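Below is one structure; the comments refer to it alone.
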Amino acid sequence: RYSSFSRRQELDTLTKVHNPLIGTKTHPSRCPDNSAFKQQKLPAWKPQLTPATVLPSFFLTGAFCLAMGVCLILSANSVREIQFDYSDKCSDCSKLRENSSNWNKECHCSVNFTLKEDILGDVFMYYGLQNFYQNHRRYVISRSDAQLLGRNVNKSYCAPFTTYHNGTPMAPCGAIANSMFNDTIDLFYNLNSSAIQVPVLKTGNSWWTDKNVKFRNPKSYNLSSAFAGTARPPYWHKPVYLLDKEDERNNGYVNEDLIIWMRVSAFATFRNLYRRVKRIRQFADGLPAGNYTFRISYNFPVTKFKGRKHVILSTVAWSGGSNPFLGIAYVVSGTAATLTGFVITAIHLKLRKKKTFFQK
């Protein structure tokens, strides 16, 4: 790097032209004056990287990542989770649902299991799908966000599930809404030869921004008149304004099952929150140990795309659900940073030893 004064001397030298007849002729220099303004002398800070500053940063980073990773892994391992695959146990219903002409026939199946220990705390019920690709480009764009906000707009983005052959528009339209998961899953606690249905919460399961910002019902004095002139999607068993017969506020586009389903997954295997156990009576502390039964109304076929269906009972910790990936990533990063610090330390000591030897 040249200083401004050295650079000016160099430019002055380059302006001298030698002629054998008249000698050396000097042209006026075009270099700017050596001033702070014309030479743009700006203050700068350049850190001096020394072993005393670099090595502690590696070791501190490694220690922090290792400690955080261990905490995350322990937190993930503390989550109680039970998963049941009911694809094969409901095989008769699955064969019935593969024939689209049987759409109006009900089919039920049961899955029995035993809890050897109490599941304390908040218990969440999920449904899981395997080999269902929600991230397909044409599937993702087949929706109308404006329609889900209660507006009457052009629904061309919903193709091919926009209107019926007679021109009746679908509500909601699009491939995502049409393929909504519609199995009904009830949990029963078997106590003293009697089956007690576990109370669950249908609302409060979606994101606040989805429930209050992204989804709105059309403005009308009642929902049935608001959706007059529309029809349910082909794969649905009931219209959108009757999704929840027990809670009128959980119908239409603000139905939480619909809202959660419309948030598509990036992976082919995923789970969505279905219900939360309501902590009352004998379930005030969670799920007590004992015998349980899942009673499933089977409506969602998965055989054609070689899929699987699961129902999951899980608790949560301060770090989230039972997923150790983040903790493992922290441990790997901390180990790499610590090993790098040791390698740099070894190289530094070796070079310093050689330098001391040659000086002697």
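Quick rundown of the values:
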read-out: Shape parameters for the stretch 30-137, alpha-carbon atoms, Rg then Dmax in Å; value: 32.1, 93
read-out: Convex hull of the stretch 252-355 built on C-alpha atoms - directionally averaged projected area, nm²; value: 14.1 nm²
read-out: Across K214/K278; K116/K211; K105/K211; K219/K278; K95/K238, pairs whose alpha-carbon gap is larger than 30 Å; value: K116/K211; K105/K211; K219/K278
read-out: Bins of 5 Å from zero: percent of alpha-carbon pairs in the stretch 77-187; value: 2, 8, 14, 15, 14, 14, 13, 10, 6, 3, 1, 0
read-out: Cut-off of 10 Å, at most 14 other beta carbons, DSSP loop: longest stretch of the chain lacking such GluC sites (Glu not before Pro); value: 118-245
read-out: Alpha-carbon centroid distance for the pair the stretch 170-225 / the stretch 71-102, whole angstrom; value: 19 Å
read-out: The chain - charge dipole about Cα centre, Lys and Arg +1 at Cβ, Asp and Glu -1, debye rounded to 20; value: 2120 debye
read-out: Cβ-based charge dipole, the stretch 80-315, positive-most Cα from A284, W103, Y189; value: W103
read-out: Inter-label distance for N190 and F113, nm, one decimal - labels placed 7 Å from Cα along Cα-to-Cβ; value: 1.4 nm
read-out: Cα-projected label distance for T269 with K354, points at 7 Å along beta-carbon direction, nm; value: 5.0 nm
read-out: Those trypsin sites (Lys or Arg not before Pro) in the stretch 247-348 that DSSP places in a loop and that have at most 16 other beta carbons within 10 Å; value: R263, K278, R279, K304, K306
read-out: Dipole moment magnitude, nearest 20 debye, the stretch 126-213 about Cα centre, only Lys, Arg, Asp, Glu C-beta charged; value: 340 debye
read-out: Selected from Y164, S314, A63, residue furthest toward positive end of dipole (the chain; charges at beta carbon); value: A63
read-out: nm² value of the averaged projected area, convex hull over the Cα atoms of the stretch 80-315; value: 13.8 nm²
read-out: Cysteines not pairable in the chain (beta carbon separation under 4.7 Å absent); value: C31, C65, C71
read-out: Two-site label geometry, A329 and W208: point separation in nm, points 7 Å out along Cα→Cβ; value: 2.5 nm
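Read the figures in this text as sums done on the coordinates, not as results from a lab. These numbers come from a predicted model, not from an experiment. All Cβ positions, glycine included, derive from the backbone under ideal geometry; neighbour counts span all protein chains shown.
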